[in-house]
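Read through the structure below, which is laid out as C-alpha cells, and then see the notes.
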Amino acid sequence: MHPDFSILFFSISQSVVRFYVLFTILLIYTRLSYGKTSSPEECARDCRDNEEPKDCYYRFHIEFYTTVGPACNYTAFLDQCIIGDGFEKTLIPINRQLPGPLIKVCVNDRIIVDVENAALGNEVTLHWHGIFQNGYQYYDGVPYVTQCPIPSSTTFRYDFEVKNSGTHFYHSHISTHMLDGQYGGLIVRDPPSKDPHYQLFDKDEIIIFLSDWMHELSVERYPGWYRHDLGQIAKNILINGLGQARDPIDITKGQITNGLLTEFTVRKGERHRIRLINSFTTVCLAELRIEQHELVVIAQDGANVKPKPVDKIVTAAGERVDFILTANQDVDSYWIQVLGLGECNETRRVQQFAILQYEGGPTTPTRPQPSYADGENAKGVTYNPLESTCDANNMDVCVNQLEGIDVDPDLLNVEPDERHILPFWFFNYTQYGDRILFGSNTYRTFFDVNDFSQLISTFNEIAYESPASTLLTDPRSYRTVCKKNVQNSCTEPCTCAQVINTKLNNIVELIIYDAVPVEDLHHPFHLHGYEFNVFTIGQFLPSRNISRADIDKAIEQHTERLQNGEYENPPGKDTVKIPMGGYAIIRFKANNPGWWLLHCHFTWHHITGMELVIHVGDRNDLPPVPYGFPECSNWTPALHILNIFYSNF
C-alpha cells in the first residue's frame, strides 16, 4: 500500500472509531438520562411527599385541520372531532384537540415533548408559560431569542424539569398561531407538605380554559382587513374549546350554532380547587362568575396568596387564577358566565357559557340563560377590576392587594439595584400621511385597527425587531441589538432588538406604564423566566397621556411606602394587567441567567414591537448548549464568491 494511502486509511479509521465512540457515549447518556419514561396518564397522579420524580413523555403533532370536520361523523373518532362553537373553520391544533393535550405533572418531574411540525409552510415554537426554565433556558420557546423556529416536516424535542408548581399553560409563540388552537394546560402540583392550601379543598380536577375565537384563520387578520370588519375583535369566546355562537353573518337574527357547552360535575358539600386559565390573544379581557357561588382566590399565575373571597374574576391574556368553590347550594345546575370586556363589550357584547352541574341535579339550569346585561350588572366583589381604584372605599380586589406567601425580604429594600422605566404606546403611521409606511423601498411592520389607522407598537420608545439568529446561542444576533442612545439617532419609529443587560442576583425594579392610553385598552405584560412581585398598580383618571413627571411622582410615593414598611408580602405574578392610562411597579431578583422576553401578551401588539429582552448574567452562568442544537441565520454571501462557486461546474 502506498504510504500516503496508509496515512489516509489510518486517519479515516481514527475518525470512524471516534464517531462510534461518541455515538455510543451519547446513546448510553440518553438511556441513563431518560431511564423509563412515563405516559401522560401515569404522570397525572396524586403527588406524594418524598416520591421519585417521573420522566413524562408527550408527542405533539401539529397540522392544518378543520372544526366540525369528517371525524365528527364517526363515533369511533370523536376524540379527533373539534367542534369549537359549531362554526366550520380552519385551525392548526395539536393532536387534533382543542385545547391541546393536558400536561399534568408533579413538581420536579421532567417533561419531554416531541413537537412534530406537519403544518407545511408554517413554523412552530411552543412557550411553556409560567415555567421558569432555570437550568433549561434553551427550551423557553421564543423564536430567535432562545431557539430557531421549528420548520415544517421536522421535529424538535423540548426537555426540561419543572421546578415551580402552579397553574400554567403552553402556547405558540410564532405569529398569531396561538389563536389557531396551539395551546393547552400545564398543571404542576405540589405534594401535600408543600401546598399551603392543601387542607382547603377536597378535589383538584376542574380546569376552566378560556380562549378567544375567530371564524377564520388568524393570519387573515394580520396585518388586518381594511375594507370591512376592521380590527381584531374576537368573534366569540370558548370555554374548554366549546361554546355556542350567534349567526355569524347577521347577529340580529338570533340563530344559535349547534355548538356544545362545557359541563363540570360536582357533588354537594365538596370543595373544589378550580384552575382558571386565560389564553386570549386579542385585546378583550374576560370576566367570569358562577351563578350563586362564592369564589375564594388562593393563587394567581401559579403564586400562592392568602385566601380572598370574591364574586367575579377578571383576567387578561396570559393570567391564571386558582380559586376554591364550595358546592353548598341546592342540588341543581348553575350557569358559568364569561363576559368579553373592553372591545368585546363595545359592539359585539361577546359572551359564553358553561354549566356547573350538581350530581343528581338537572342537566341544564332551571333558570334562563342570563343576558350580557345581567352579567354586567351583577353585584359583588370583583378580583382584578378594569379600573385600579381598589382602596378602602372600594370592595373590589386588585392583584397587588392580595398577600403573598414566603416573599424574599431583599425585594423590600428601599432602593433596588436597578430601576427601568418602560413606557409603551403606539406609533400611528396615519398621522404622518403615507410617506413613512409606504415610501419607496421601505417595508415597515404595521397592523390595521378599527378606525382605519395603521399602527406599530413600541416599548421603551422602540419597536422590537427580531434578529435572524438566536440571542441565547448565537453571537451573530448581537449585530441587531439596539445601540446605546438609539432613540436619538433614528427616524421614528425606532426598530431594533432591544436588550436590557442585568447583573445576576440584582434586585430589578420595572415601572411599566401606558404613556398614550387608548380607550378601553388594558395591556397584560408577561415576563418569561420569572415570578415578579407586584408592589403598586395605579391609574391617572380621567384618562390622559402620562408624563415622566407623573411617573417620578409615583416612584416617590412608592419609595415612601417602602421606607414606612407599608408593603406587606407583595404578591407574586408573572403577568400583570396595566390599566388604561395607568402603571405597575414590579420587582424581581435576577437569579435566573438567560435571555428573557418581556412583552404585552396581546398577540398583535407583541408581534409588532411591544416587547424587549432582559439579559441576565453572562455566558458562563448558563448551562452548555445542547449537543446539535439547531442554528439559523441570514445567508447572504458576497456575489463574487458565488460566481467562483458556479464557475466550477
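The values are calculated or read from the model by the stated rules, or taken from the named source; none is laboratory data. Remember, it's a predicted structure, so these values are computed and weren't measured experimentally. Neighbour counts run over all protein chains shown; Cβ positions are idealised from the backbone, glycine included.
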- Can you tell me how many residues in the range 373-405 are in the same structural domain as GLN337 (by TED's automatic domain parsing), free of Cβ contacts under 8 Å to residues at least 24 places away in the same chain and either on the phi > 0 side of the Ramachandran plot or part of a loop (DSSP other than H, G, I, E, B) (or both)? 1
- Task: Just give me the residues in the range 60-88 being among the charged types (D, E, K, R) and touching a helix residue (DSSP H, G or I) at 6+ places or on another chain (Cβ under 9 Å), in sequence order.
- Result: ASP79
- Matching residues, the range 540-570, being closer than 28 Å to VAL516 by Cβ and either small (Gly, Ala, Ser) or not assigned by TED's automatic domain parsing to the domain that holds GLU519 (or both): SER543, SER547, ALA549, ALA554
- Restricting attention to strands (runs of 3 or more DSSP E) lying wholly within the range 70-146, give those where 1 or more residues are over 30 Å from THR262 (Cα atoms). 110-117
- Query: Within the group SER543, SER547, which residue is out of contact with any strand residue (DSSP E or B) (no Cβ under 8 Å at 6 or more places or on another chain) and closer than 28 Å to ALA286 by Cα?
  - Reply: SER543
- So, in the range 399-447, of the ones that are out of contact with any strand residue (DSSP E or B) (no Cβ under 6 Å at 6 or more places or on another chain) and of a type in the set (Gly, Ala, Ser), which residue ends up surrounded by the fewest Cβ atoms within 10 Å (Cβ to Cβ)? SER440
- Query: Can you tell me which of ALA554, ALA549 is without any contact (Cβ under 8 Å) to a residue 12 or more places away in the chain and either outside any strand (DSSP E or B) or in contact with an Asp or Glu (Cβ under 7 Å, 6 or more places away or on another chain) (or both)?
  - Reply: ALA549
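Table: residues versus (1) surrounded by fewer than 19 Cβ atoms within 10 Å (Cβ to Cβ); (2) within 22 Å of the chain's Cα centre (by Cα); (3) farther than 23 Å from THR262 by Cβ; (4) modelled with pLDDT of 95 or more.
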| site | (1), (2), (3), (4) |
| --- | --- |
| GLN300 | no, yes, no, yes |
| ASN304 | no, yes, yes, yes |
| VAL310 | no, no, no, yes |
| THR315 | no, yes, no, yes |
| ASN328 | yes, no, no, yes |
| ASP374 | yes, no, no, no |
| ALA378 | yes, no, no, no |
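Taking ARG275, is it touching a helix residue (DSSP H, G or I) at 6+ places or on another chain (Cβ under 7 Å) and farther than 18 Å from LYS89 by Cα?
Working: touching a helix residue (DSSP H, G or I) at 6+ places or on another chain (Cβ under 7 Å): no; farther than 18 Å from LYS89 by Cα: yes.
It is false that ARG275 is touching a helix residue (DSSP H, G or I) at 6+ places or on another chain (Cβ under 7 Å) and farther than 18 Å from LYS89 by Cα.
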- Query: In the range 222-229, is there at least one residue being under 21 Å from ASP301 (Cα atoms), in contact (Cβ under 8 Å) with a residue 40 or more places away in the chain and surrounded by 16 or more Cβ atoms within 10 Å (Cβ to Cβ)?
  - Reply: no
- Determine whether ILE208 is closer than 22 Å to CYS43 by Cβ, in contact with a strand residue (DSSP E or B) (Cβ under 7 Å, 6 or more places away or on another chain) and crowded, with 16+ Cβ neighbours inside 10 Å. yes
- Item | Residue identified as more than 29 Å from PRO624 (Cα to Cα), in contact (Cβ under 8 Å) with a residue 60 or more places away in the chain and part of a strand (DSSP E or B) among LEU210, LEU179, LEU186 | LEU210
- Subset of the range 581-637 [small (Gly, Ala, Ser) and within 22 Å of ASN384 (Cα to Cα)]: GLY581, GLY582, ALA584
- Message: Against the condition basic (Lys, Arg) and without any contact (Cβ under 8 Å) to a residue 24 or more places away in the chain, how does ARG320 come out, does it pass?
- Response: no
- Out of the residues in the range 620-637 that are of a type in the set (Phe, Trp, Tyr) and out of contact with any Phe, Trp or Tyr (no Cβ under 9 Å at 6 or more places or on another chain), state the one that is nearest to THR155 (Cα to Cα). TYR627
- If you check GLY231 against the conditions, is it of a type in the set (Gly, Ala, Ser) and assigned to a loop (DSSP other than H, G, I, E, B)? yes
- Message: Condition (residue is of a type in the set (D, E, K, R), in a strand (DSSP E or B) and closer than 20 Å to ARG348 by Cβ) applied to the range 270-279: is it met by at least one residue?
- Response: no
